[in-house]
Structures are given as C-alpha cells and as structure tokens.
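Bear in mind that the values in this text are calculations on the coordinates, not laboratory data. On a predicted model such as this, the values are computed, not experimentally measured, just so you know. Reconstructed Cβ throughout: ideal geometry from the backbone, glycine too, with neighbour counts over all protein chains shown.
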Amino acid sequence: MTVWKKFSKISWIALLGLIVAIEPALAEDAPTTEVQYILNTFLFLVCGFLVMFMAAGFAMLESGLVRSKNTATICLKNIVLYAVSGFMFYLVGYNLLYAGVDGGFIGSFSIWGPDDATALGGDFSGGYASSSDWFFQMVFVATAASVVSGTVAERIKFWPFLGFVVVLSGFIYPVIAAWQWGGGWLSEMGFADFAGSTLVHSTGGWCALTGAIILGARKGKYDAEGRVAPIPGSNLPLATLGTFILWLGWFGFNGGSQLALGTAADAIAISNIFINTNMSAVGGTIAAAILTQVIYKKVDLSMTLNGAIGGLVSITAGPDTPTLASAFLIGAVGGVIVVFVVPLLDKLKIDDVVGAISAHLACGIWGTMIVPATNADTSFVTQAIGVLSIGAFVIVASAIVWTVLKATVGIRCSAEDEELGLDRAELGMEAYPEFGRGSQTM
C-alpha cells in the first residue's frame, strides 16, 4: 500500500504539472469572458480620454510658442480641429480604415454605427464594446491634425485650414492607416508601427511640411540673405505645461495600442510599454538639453521641450519590445534629431513655428526605422517600404489639397492681418486684452 500511495502521489503531481503546462495553450483558444470584455473596453475608454487630453497639450504648447497676437486663434483651431476630426471619422473615416480592407488599400465609404448585439446576447467574442474601439481610434486622428496646426500657425486663414483638416481626417489618414491597422497591404508584408510613429506622427508631419512650403514663411522670418530672425513665443511656461500634458497623454497613446487588458500577459505588456514610453521621453529631454548647451553654450528650453516630444514620437512605433536602456537610446537619438533638424529647416527657409516637423516627422521616421533593432519579426527593408510609400502618398495627397485651397479660397492671410495678428483680424478678440494693444507688435 505504501508503494501504491507513493505512486498515486507522483501521478497526481505529474497530472497537475501537465495541466499547468497546457493551460496557456488552452487559454489562447478560450473564448473571451465577460470580465475580459469589460477590461478590454475599459482600456480603450481610459486610454482614449488620455489621448483626447493630448489635444489640450497641443493647444497649450502651440499657444506658448506663438506670439500673443495669435494665441486665441491657435486655441480656436485646436478645439475645432478636434471636433471636425471626430465628425469626419464618424462620417467616413472609421469604415474607410477598417471595413473590408482585406489586404488591400482602402475600406468602404460609409457611415459608422455601433453594433453590440452579440455581446448583449452573451457572446463576448468581439473582445470589446464597438463604441470604445471607435472612440480610441478617433482620438488618434485629431493628433495628426494637431501636428499640422502648429507648423502653419500665425499666417494661415482659419477656414481654409479646417478645409484641409476635413480631407486629412476623412481621407488621407484613414487610407494610410488602413494599409497597416486595417489589415491592408503593409500589414501583409510585416510592416510594424505599434502606435503610429509613421501612421500618425509622420503623416501629420508630411502634411505640415507640404503646407509650410506652399504657404511660405512668416513675414520677417528670413531676410534676403537667408539670415534667420528669431520670433520667440509669448509664453514658455504654457508651452512647458503643454509638453507635460502630451507626455501624460502618450501613456494612453502607446499603452492603449496593446488593444487588450484581459490577461496577465497583457497587463505586463502594457506596463512595459508605459516605462519604455517614459524612458524614451527622458532620453530625448536629456539629449536635447545637453546638446543645446554644447552647441549654443546655453540650454534652449523650446528645443528641450521638443526633445521630449521627439523622444515620445521615436518610441511610438515599437514601445513593446525594447529594454529600458534601448528605449532611452531611441529617445536620445530623437532628441538629437530635433536639435539638428530645426536649424536645417531654417536653412531651407521652411518656417515651422513650433518645431513639429522635426519632432513628429523626422523622429517618426527614425522611430519606425529602428524597430527591427528590437523586434525580430520585421525587417529594415519592410520598414523602409512602409515609410517611403506612406510619405509619397501623403506628400502627393496633401500637396494637391493645399494647392487647390490656395488657388480657390486662398490659404494665407493678408500682410496687414499678419501684422495686426489673427486674433483681432479673424476673431475680433485678444487672448490677453489686459496687456493693451501695444503688446500686439510682439
């Protein structure tokens, strides 16, 4: 009996070990439970409103980096572009991105509507509430549009700018996002862009670059010999606040892109994404601060702020795979890129008011191209194909839209309105009326 008891004990231990060994494999095929459904939905909603709050970050950053005579206009642009982006994503954008792409280039032109009938019937295989997914995807569109806003500030007309936002949020962004996130041809190739270094930030950056070239520089920014006349922003504390808000919102931007919170593995992955996102911003901030001290003999605050953003953009394509050290280095290179690209644009007489092209476009390209260094599932060739194809499409599409707007309604304000300030010229109000009209020449 003693031998039998020992045998039985060993058998139960072996059986328990077998169950533990096969449980993860069974869990992968197990149907989504109601708890998992709730947690996934919760992730989308919480991360979605964090990304939505980035709209406030862009508004504050841009408000601080423009002159006081254009502050109210930049605030108006940021809140209205968010609203326009949301409406266009409902009207056509979401289904253009997701409906029936099937390895191709584009979805369907149709209005989105929620469908949660199966979940209400007790079948949670959809994984999350459809409205939570729409909300999370929608706030990404406004981010791309906000990148454009800061670059073309202080000399673009309000309504033509919104006309561009309509096309960007209703067509340009959904089409290129469909190539990857909608299951399109780039996804089939193995292109990797976890949360949108290229799909969101470089897209906004390419639109901003073409807009800045077609629109032209602000009056007095460059003289006939090509020398740069610095035009300082009106409120650097406000710009700093905006950067911190963007940094906070980026945790939702990258963390929510895990798209699931129903298992311990998902929770661990999101935790790693959070700390990698943070560490990359740390690297970008430190690198920009040190490099401006070395080059200019003084630390440049606006460059350092954009260094933080450059670090955040750089890690966005692959925040799930690097180590903390790798994330720091990826962000640090992003900070270096910002410091060198800003003066390069000035040499080319491309007037980027807030430095968005350097932080979002240049760092977006860098972040996407470095993904294979930490992710063996993709390649540098595939990443390059994605970057170049998206860049080519966005440049052509946005250049057409900007040119049509310029030839029809006009996109640039008059020299008199630019001198007066767009707050008074287009809005009939001032952001800081207690300063008096004399301050409007700042």
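Miscellaneous remarks
- The listed peptides 349-355, 418-424, ordered by packing as a protection proxy, come out as 349-355, 418-424 (highest mean of other Cβ atoms within 10 Å first).
- In a fully extended conformation the segment linking Thr33 and Phe435 would gain 138.8 nm over its present Cα-Cα distance, using 0.36 nm per residue.
- Overall Cα dimensions of region 277-334 - principal axes, largest extent first, Å: 36, 17, 13
- Checking (1) 36; (2) 42; (3) 55 against the coordinates, the calculated percent of Cα pairs over 31 Å apart falls under label (2).
- Nearest-ten-degree value, helix 301-315 long axis tilted from longest Cα axis of the chain: 30 degrees
- Relative contact order (percent, whole number), the chain, Cα cutoff 8 Å, 6+ residue spacing: 23 percent
- In the chain, lysine pairs with alpha-carbon atoms under 25 angstrom apart (chain gap of 8 or more, or interchain): 29
- C-alpha center-to-center spacing [region 370-411, region 281-305] in angstrom: 28 Å
- Note on region 98-115 and region 142-176: Cα centroid distance 22 Å, given to the nearest whole angstrom.
- By the count of other C-beta atoms within 10 Å, a proxy for reagent exposure, Phe380, Phe164, Phe171, Phe253 are ordered fewest to most as Phe380, Phe171, Phe164, Phe253.
- Within-11-Å neighbourhood charge of Arg227 [Cβ basis; K, R +1; D, E -1]: 0
- Debye-sum result for region 362-416 in log10 I(q)/I(0), which assumes one identical scatterer on each alpha carbon, at q = 0.12, 0.14 Å⁻¹: -0.47, -0.55
- Residue-averaged 222 nm ellipticity for the chain, from DSSP H runs of 4+ at -39500 (n - 2.57), nearest 500: -21000 deg cm²/dmol
- Among Arg218, Arg227, a tally of other beta-carbon atoms within 10 Å of each Cβ gives an order, fewest to most, of Arg227, Arg218.
- With Cα atoms, 0 to 90° folded angle of helix 130-151 axis to the chain main axis: 30 degrees
- Cβ-based charge dipole, the chain, positive-most Cα from Thr203, Val342, Gly256: Val342
- Over 17 Å [Cα-Cα, region 304-419], rounded percent: 64 percent
- The length gained on full extension between Ile268 and Ser110, counted as 0.36 nm times the residue separation minus their Cα-Cα distance, comes to 53.2 nm.
- Ile395-Phe42 pseudo-label distance in nm [points 7 Å out on the Cα-to-Cβ vector]: 4.7 nm
- Here the chain is assigned +1 on the Cβ of each Lys and Arg and -1 on the Cβ of each Asp and Glu. Its dipole about the Cα centre then comes out at about 1000 debye.
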